[in-house]
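One structure is given below, encoded as structure tokens.
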Amino acid sequence: IASADAPVAGAGEQRAYWVTSDILAWPTSLLPQGVTRAQVLDGSAKLSYELVTAPEGGAGLADGAVTGASTSALTVAGDLPAEVTTAHPNLNGYIALKASLDEAGAREALTGQIAVVQKSSESVNAFTGVQIAPVLDSLYAAKATQASYGVGWNAAGNPTFALWAPTAKNVTLLSWNTSTPRGSDADVQSDALRTAAQRGEDGRWSVDNAAGEIHEGAQYLWEVSVYVPETGKVETNLVTDPYSVALTVDSTRSVAINMDNPAIAPSVWTDSKAPVIEDDAQRSIYELHVRDFSAADASVPEDMRGTYMAFTQFQSNGMRHLAELSRAGMNTVHLLPTFDIATIPEKRADQKTPAIPEGAGPASEEQQAAVAAVADQDAYNWGYDPLHWMAPEGSYATAANQNGGARVHEFRSMVGGLHSIGMQVVLDQVYNHTPSAGQSAHSVLDRVVPGYYQRLNATGGVETSTCCSNVATENAMS
């Protein structure tokens, strides 16, 4: 919120909440000093409220008046509805403000900047942004949670595409056809085919590809025109698909592969079924990291070390060890994160190796310093920084098979290899945080529906109790 005046309470924050199409929640922390909640409810506080809407952003204050936006009166309506405070107990004690909007008007307003202004004798004493997750759930969740997203397939066998972006003004699919249905090419360098997505009542934007111009194996990105509170204006964000099942190297593009295509179904995966464990009390678990398992194992071909394919080398030291454990009663391998992560450079040429000084003794700190110097650029990471949850990490694929379906084929080969020696496979999934938020390059969800997928605190800041940007798992679409 721009202001040419001295800062007022709530400026630069999002301290109000929009909870249903016609109800907003106002915090008592923004009441003028000495004014009580009871006085607001009985009218003796003589405060008035207005909803501020600016379709392209740019709302502000100048000389005590709202500029760059439209305003409409909000009326004090007492307590929030019980169903709202039950779903959002953090809003207990907030004041209900009623807007003269129907659902269509609310949907339209939510595609632009929204704020609430508090006045006393026509003087503005609070002006704050609005958190929108509750109202998005109220308006869209019932239908949106029943829909499918990402890549689908029509009757002709061509890919279809869908993205949930209820606050977007416009969404376009950019696509590049590749040489094979496996989509295992590097980034195609031609101009993209641009296809306008169609908006549905559930906030879903879709491309039906009825003409079949986009082929199986195509690379694609979403172009989302959306208001971003962080920048205060409408941005055009070019993002990968949050529902990606395949990607190009370094996650630059999503790839539309058909997971039922036999070309990405290795025989070791199709023919080796997971063992049945009748009772979890019988489960014994071996936890391992994909790269660490074979990175230094000389019994694995060099190009397969540290990759999914090491698990297909049944005479290697590592697989012989796991097979021996299986015969002794071990029955489950728990893989540390194997989904696409943000922190490992996937191109081998971009990965750095620590330069350990010669002569560094066992008590030296030089080894640790050398490792720390390249920690963000080497090939090692625990993997707890999810970028795309449903696509395999590319740095664990062999160098020639990091793109699209080739990566998926190798991931499945790993799973099949473990099944074949009598091990169930458990994947470590991390749904409670993302590596970043806002307009960051490693932010995906928050550039599609700003302010929805990340858990926000009472002033609109992103919570980071998990270590990173928390995912708002309390929201229906998170």
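Brief remarks follow.
- Unique residue being out of contact with any Lys or Arg (no Cβ under 8 Å at 6 or more places or on another chain) and more than 24 Å from residue 18 (Cα to Cα) when the list is 425, 449, 444: 425
- Residue in the range 37-53 that is farthest from residue 73 (Cα to Cα), counting only those that are loosely packed, with under 15 Cβ neighbours inside 10 Å and among the small types (Gly, Ala, Ser): 38
- Residue satisfying condition, being modelled with pLDDT of 95 or more and in contact with a strand residue (DSSP E or B) (Cβ under 6 Å, 6 or more places away or on another chain), within set 212, 152: 152
- Of the residues making up the range 125-149, those that are touching a strand residue (DSSP E or B) at 6+ places or on another chain (Cβ under 7 Å), crowded, with 20+ Cβ neighbours inside 10 Å and within 30 Å of residue 60 (Cα to Cα) are 126, 127, 128, 129, 130, 131, 132, 134, 135, 138.
- All conditions but one from (1) within 27 Å of the chain's Cα centre (by Cα); (2) at pLDDT 95 or above apply to residue 98; the one that does not is (1).
- Applying the condition of being among the acidic types (Asp, Glu) and over 23 Å from the mean Cα position of the chain (by Cα) to the range 166-200 and asking which residue is surrounded by the most Cβ atoms within 10 Å (Cβ to Cβ) yields 185.
- Contact map, the range 7-23: residues that are at positive phi paired with residues that are crowded, with 19+ Cβ neighbours inside 10 Å and part of a strand (DSSP E or B), Cβ distance under 7 Å, separation 6+ or inter-chain. Pairs shown: 10/126; 10/127; 10/128.
- Being at negative phi and modelled with pLDDT under 95 holds for only one residue in 369, 375, and it is 375.
- Within the range 282-335, being under 18 Å from residue 402 (Cα atoms) and either surrounded by fewer than 14 Cβ atoms within 10 Å (Cβ to Cβ) or of a type outside the set (Ser, Thr, Tyr) (or both) holds for 290, 291, 295, 301, 302, 303, 304, 305, 306, 309, 310, 311.
- The combined condition, being free of Cβ contacts under 8 Å to residues at least 12 places away in the same chain, assigned to a loop (DSSP other than H, G, I, E, B) and outside the structural domain of residue 305 (by TED's automatic domain parsing), is not fulfilled by residue 349.
- Failed item, numbered, when residue 38 is tested on (1) in contact (Cβ under 8 Å) with a residue 24 or more places away in the chain; (2) more than 34 Å from the chain's Cα centre (by Cα): (1)
- Within the range 438-460, being over 16 Å from residue 388 (Cα atoms) and either free of Cβ contacts under 8 Å to residues at least 60 places away in the same chain or touching a Leu at 6+ places or on another chain (Cβ under 7 Å) (or both) holds for 452, 455, 457.
- The range 108-125, residues that are within 13 Å of residue 35 (Cβ to Cβ), part of a strand (DSSP E or B) and in contact with a Lys or Arg (Cβ under 9 Å, 6 or more places away or on another chain): 120, 125
- The range 148-161: number of residues that are in a strand (DSSP E or B) and without any contact (Cβ under 8 Å) to a residue 60 or more places away in the chain: 2
- Reported count of residues in the range 27-60, each being closer than 18 Å to residue 451 by Cα and part of a strand (DSSP E or B), is 4.
For (1) assigned by TED's automatic domain parsing to the domain that holds residue 250; (2) of a type in the set (Gly, Ala, Ser); (3) more than 30 Å from residue 217 (Cα to Cα), each residue gets a yes or a no:
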residue: 324; (1), (2), (3): no, no, yes
residue: 328; (1), (2), (3): no, yes, yes
residue: 336; (1), (2), (3): no, no, no
residue: 339; (1), (2), (3): no, no, no
residue: 356; (1), (2), (3): no, no, yes
residue: 360; (1), (2), (3): no, yes, yes
residue: 384; (1), (2), (3): no, no, no
residue: 388; (1), (2), (3): no, no, no
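The values are calculated or read from the model by the stated rules, or taken from the named source; none is laboratory data. Note that the coordinates shown come from a computational prediction; the quantities given were computed from them, not determined experimentally. For neighbour counting, all protein chains shown are included, and Cβ atoms are generated from backbone atoms with ideal geometry for every residue, glycine included.
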